[in-house]
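Presented below is the structure to which this report refers.
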Amino acid sequence: MNIQKLTQEHCPNGVEYKALGEVVTFNRGTAITQKDIQSGEIPVIAGGQKPAYYGNKSNREGETIVIAGSGAYAGFVSFWDKPIFVSDAFSVDTKQSDVLITRYLYHFLLNEQNNIYAKKKGSGVPHIYGKDLANIKIPIPPIEVQYEIVRILDKLTEHTEELNNNLSKELILRKKQYEYYRDSLILEQNTEYKKIEEIATEMYRGSGIKRNEVTKDGIPCVRYGEIYTTYNIWFDECVSHTHEEKIQSKKYFENGDILFAITGESVEDIAKSCAYVGNKKCLAGGDIVVMKHQQNPKYLAYALSTFEAQRQKSCGKIKSKVVHASVPSIKSISIPVPSLQEQERIVSILDKFDALCNDLSQGLPAEIELRKKQYEYYRDKLLQFEKKHTQFK
């Protein structure tokens, strides 16, 4: 049935909006201990976007919505229709099955994803809590309308995922090709290897910038999670700003500096680095190490992204809920350091490869982004209802 006709038939006077805390419960997961870590097939949902597979026991069954509890991806919403183990995260469960469909709630939470991210707390490792989401208002149309919305959005999701799978295969091939040439250009040189401590002229840690200290204007700044989620090999503008006078211990970085994220969610990604090639003076947040040097900054960033460099970064890390690196461990990383002229030549080649693989304004990634925006447009439209007015006597 046409969604407009269905809405007019079942809720001609608008729909009631309720706070999430009135219609759902937020149930924390169970922390995974060292003795519980083993090979298995049950997805373990924690603070990242992707699950790990630690064991063969579950603590959630059936349709489950999960929100990541901490780390760079705290607040990330996911949906599962098979047994899972919820660890450093929490599930969002409907209290009354005759009021809310789980899949409808999931699409609604996706529509609120940015709003959920904005509720993170903590200056070091960010956290998010169910109690902070409880006041978000959700429209509750009749069940028949919810089912129709779910049908439409699931169909769009299915088409988008099918396209994404096909395009992603091509992107994976491109990425592997790029990584092969990157490592070949950098690692197969007949040149001297140097440790970071020999290359760096200065290294120091940033200072904590809390989420509530991030502003739309002011001095540019980078928080450690953005190195994982926002910046690639190099960047020339910061997405975040803060008011300089609010920061007690200011740690700056400038053009050409290399930034390392020394806290992360996996050994494979720890100490991800990028080069800043902009012209403004910026502030470095906590869990970031700033490196000054006299080399080509982009070359260093490319060299530090090779599989060999990442292998060195992942050695000897201490794991708790998150993975940590240190300044001494970064200083011990060894990379080839050719002449500045050769560094510039390599950068010129890799910049072109990198653009083909990652620039959303070109080719396959742009098509994926277009389909994503199409789904988001219809989701936003379908979840907008006229608010029902309560009559008081």
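Computed values, structure above
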quantity: Karplus (6.51, -1.76, 1.60) ³J(HN,Hα), θ = phi - 60°, over the range 154-166, in Hz, Gly and Pro reported as x; calculated: 5, 5, 4, 4, 4, 5, 5, 5, 5, 5, 4, 4, 5
quantity: 38 Å tail of the calculated P(r), the chain, as % of Cα pairs; calculated: 29 percent
quantity: Members of K18/K120; K119/K246; K175/K352; K18/K373 lying beyond 18 Å, as alpha-carbon distances in this model show; calculated: K18/K120; K119/K246; K18/K373
quantity: Global geometry of the range 63-193, whether rounded, prolate or oblate, following the gyration tensor of its Cα atoms and the 1.5 cut on a/c; calculated: oblate
quantity: Computed lengthening from K18 to I3, 0.36 nm per intervening residue step minus Cα-Cα distance; calculated: 3.2 nm
quantity: Simple spin-label estimate for E308 and L173 in nanometres, 7 Å along Cα-Cβ; calculated: 2.9 nm
quantity: Local electrostatic count, I247, Cβ distance below 11 Å [Lys/Arg +1, Asp/Glu -1]; calculated: +1
quantity: Reachable aspartates and glutamates, given that their alpha-carbon falls under 17 Å from the alpha-carbon of K57 and they are not under 8 places away in the same chain; calculated: D36, E41, D81, D88
quantity: Förster radius 22 Å - calculated FRET efficiency between E268 and L356 (Cβ-Cβ, nearest 0.05); calculated: 0.40
quantity: GNM result for the chain, Cα springs below 10 Å: residue of Q343, Q189, Q295 fluctuating most strongly; calculated: Q189
quantity: Proximal aspartates and glutamates relative to K210, as straight alpha-carbon distance under 20 Å, when same-chain residues fewer than 8 apart are discounted; calculated: D132, E226, E237, E244, E245, E265, D287
quantity: Added length on full extension, which subtracts the Cα-Cα distance from 0.36 nm per residue, E161 to Y180; calculated: 4.1 nm
quantity: Per-residue HN-Hα couplings for the range 117-122 [Karplus 6.51, -1.76, 1.60; θ = phi - 60°; Hz; x = Gly/Pro]; calculated: 4, 5, 9, 5, 10, x
quantity: Amide H contacts under 5 Å for N59, placed H, 5+ residues apart; calculated: I84, F85, V86
quantity: Choice from P139, P328, P338 with maximal GNM fluctuation in the chain (Cα, 10 Å cutoff); calculated: P328
quantity: Mean accessible surface per residue for the range 235-378, computed with a 1.4 Å probe while every protein chain stays in place, in Å²; calculated: 48 Å²
quantity: Accessible surface of the range 4-89, 1.4 Å probe, proportion on carbon and sulfur as whole %; calculated: 47 percent
quantity: Förster radius 35 Å - calculated FRET efficiency between E61 and C315, Cβ distance, rounded to 0.05; calculated: 0.35
quantity: Per-residue SASA entry for L110, accessible area with 1.4 Å probe, Å² rounded to 10; calculated: 40 Å²
quantity: Most to least packed among 244-257, 80-93 [average Cβ atoms within 10 Å]; calculated: 80-93, 244-257
quantity: Additional length obtainable on full extension of the chain from K292 to A118, 0.36 nm per residue less Cα span; calculated: 59.4 nm
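The values are calculated or read from the model by the stated rules, or taken from the named source; none is laboratory data. Worth saying up front: this structure is predicted, and the values here are computed from it rather than measured. Cβ sites come from the backbone with ideal geometry, for glycine too, and all protein chains shown count toward neighbours. What goes into the accessible areas is simple: the full protein's heavy atoms, side chains included, and nothing from ligands, DNA or RNA. Shrake-Rupley method; radii C 1.70, N 1.55, O 1.52, S 1.80 Å.
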